[in-house]
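S.K.: My questions will all concern the structure given below.
The values are calculated or read from the model by the stated rules, or taken from the named source; none is laboratory data. All values reported here derive from a predicted model rather than from experimental measurement. Note that each Cβ is placed from the backbone with ideal geometry, even for glycine, and that neighbours are counted across all protein chains shown.
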């Protein structure tokens, strides 16, 4: 009976005897080339393995019901602080009116742009009584019906006990307020004098507000704002009064959404509007910025996490009278609108997670290293055998 198969039959690495080994000069050269090539390939493989890359992942944003902070710092060289209003409107119908009266810092600027005063605004500004008489009920100058006030308890009377109250009452009925001249409350509070003393100043506004995570706009406009009869309007009386004063030329010093994190230079795209400056200084000009906001999280190798909001921005400006202008000779602009600066935002329902990772895993590195070594040796073996056979053939031909 014949013997069955043994392990010797499966040996794929058959050995040659020592006396059949022949060393050649070409083989030595190829061996040196193999060492150098293999070292370079392994070095590149290791560098690729240690290289840190950022891999993005797109997921559904589960923070849609939370409020989103909006951080802004804008300079208006030709608009006094007392004439500016900042409002937020979104697609839910919510309107936040005159945000400059709560939590924002307004810095007064002279004609050369130097800071000359800082005012931190709060909601109680301008509501003090101008009389110590507890029964005092200020006149609203016909903007509110006060005919039956004397027959009502004091707490139910319709009174205008401050300049702000009179200005709000005027806005509700669409009356022009101008600078409040000849209105007792405004004269005694010093509002009229203050407005006229600051008529040639500029303003820088800094602060943080909150918006819903849906589309809408944030806008700066002149005069007091009010919502009446489903319309959002501003009192432009003082803005219109002077034809040679005021415009919304501006510089965006900083604009961001969410936690105001300043990342490294690799991620500067999170604040694309910073440093943007308008060049048109027309009085009746509408400046619009269109922002696409995406909630973003960065996860770094050291375990730290940064939550921010990236956004892209495009801009457009047009004259309110419509038609063509020098900047857009081939475009016909719509007519109408409100002079000011509008930031229209649209917030994505998706979230981007950027994770820092090594480019390759350890197993991938080992696989690549083995492939590099094996590939070099295989190619070198084929070349060596080819060179040996050619040399042997030439030698045999010469001998014959």
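S.K.: Only one of (1) part of a strand (DSSP E or B); (2) surrounded by fewer than 15 Cβ atoms within 10 Å (Cβ to Cβ); (3) modelled with pLDDT of 85 or more fails for residue 71. Which number is that?
M.R.: Of the numbered conditions (1) part of a strand (DSSP E or B); (2) surrounded by fewer than 15 Cβ atoms within 10 Å (Cβ to Cβ); (3) modelled with pLDDT of 85 or more, the odd one out for residue 71 is (2).
S.K.: Right, next: Please enumerate the residues belonging to the stretch 312-338 that are under 30 Å from residue 226 (Cβ atoms), touching a residue at least 40 places away in the same chain (Cβ under 8 Å) and in a strand (DSSP E or B).
M.R.: The answer is 313, and nothing else.
S.K.: Considering only the stretch 49-68, I want to know if a residue exists there that is exposed (fewer than 14 other Cβ atoms within 10 Å of the Cβ), modelled with pLDDT of 85 or more, not assigned by TED's automatic domain parsing to the domain that holds residue 300 and not in a strand (DSSP E or B).
M.R.: Yes - at least one qualifying residue is present in the stretch 49-68.
S.K.: Going by the structure shown, is residue 309 over 30 Å from residue 49 (Cβ atoms), assigned by TED's automatic domain parsing to the domain that holds residue 222, exposed (fewer than 14 other Cβ atoms within 10 Å of the Cβ) and modelled with pLDDT under 90?
M.R.: No.
S.K.: Follow-up. From the set of residues in the stretch 217-269 that are in contact with a strand residue (DSSP E or B) (Cβ under 9 Å, 6 or more places away or on another chain), on the phi > 0 side of the Ramachandran plot and at pLDDT below 90, which is surrounded by the most Cβ atoms within 10 Å (Cβ to Cβ)?
M.R.: The extreme case among them is 223.
S.K.: In addition: Please verify whether residue 306 is in contact (Cβ under 8 Å) with a residue 60 or more places away in the chain and under 24 Å from the mean Cα position of the chain (by Cα), treating the condition exactly as stated.
M.R.: No: the conditions fail for residue 306.
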